[in-house]
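Take a look at the structure set out below.
Nothing in this text is a laboratory measurement; each read-out follows from the coordinates by a stated rule. As the structure is a computational prediction, the values presented were derived from the model and not from experiment. Cβ coordinates were reconstructed from backbone atoms using ideal geometry, including for glycine residues, and neighbour counts include every protein chain displayed.
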Amino acid sequence: MQMRRKYLALFMTSIAAIGAIAAAPPKPDGAQIVHEGNGAGAPACMSCHGPTLGGGGAPAIAGKPAAYIVSRLEHYASPQGHNPAMRQVATALSPQERVAVADYIASLPAHP
Ligand code: HEC
């Protein structure tokens, strides 16, 4: 009986753990943010940076190191960031979204 209660407790704890994993927010999708925006105020990066992020109205960013992109986004979101377009973008991205988007952009081929 004692043993059975122990197993029951273990079982209940496992159920709770599985519930916690299922409730965790999904990891942001960097590719989706680049192509469609984040649905929370950040427009698609490609709408200004070009279809392959090789530049257009905005500088080429494809293939730049992820750490560089994250640091630029943090700059634009900070009081030192004076570019209105990128301030809007950067402040609308969560820290996790900045990392996800930077990882994706870094994985793209750079434009010479
Ligand atoms: C509304 C247009 C617009 C959108 C949308 C946009 N950008 Fe920008 N971005 C710009 C402009 C303009 C600049 C250049 C600003 C400057 O001169 O500092 C820039 C600069 C940058 C830079 C710095 C480039 C460098 O080498 O100095 C990064 C990194 C960047 N954007 C990333 C992004 C990401 C990631 C997204 C999507 C989440 C995005 N941008 C969406 C207009 C945009």
### Query
Looking at region 41-50, is at least one residue more than 9 Å from the ligand (Cβ to nearest atom), small (Gly, Ala, Ser), exposed (fewer than 13 other Cβ atoms within 10 Å of the Cβ) and outside any helix (DSSP H, G or I)?
yes
### Message
Cβ-Cβ distance below 8 Å, separation of 6 or more or different chains: which pairs start in region 75-103 with a residue that is surrounded by fewer than 16 Cβ atoms within 10 Å (Cβ to Cβ) and end on one that is among the aliphatic types (A, V, I, L, M) and not in a helix (DSSP H, G or I)?
### Response
85/58; 88/42
### Message
Taking the criterion of being assigned to a loop (DSSP other than H, G, I, E, B), without any contact (Cβ under 8 Å) to a residue 24 or more places away in the chain and more than 10 Å from the ligand (Cβ to nearest atom), would at least one residue in region 52-74 satisfy it?
### Response
no
### Query
How many residues are under 21 Å from residue 41 (Cβ atoms) and hydrophobic (A, V, I, L, M, F, W, C) when one looks only at region 60-112?
16
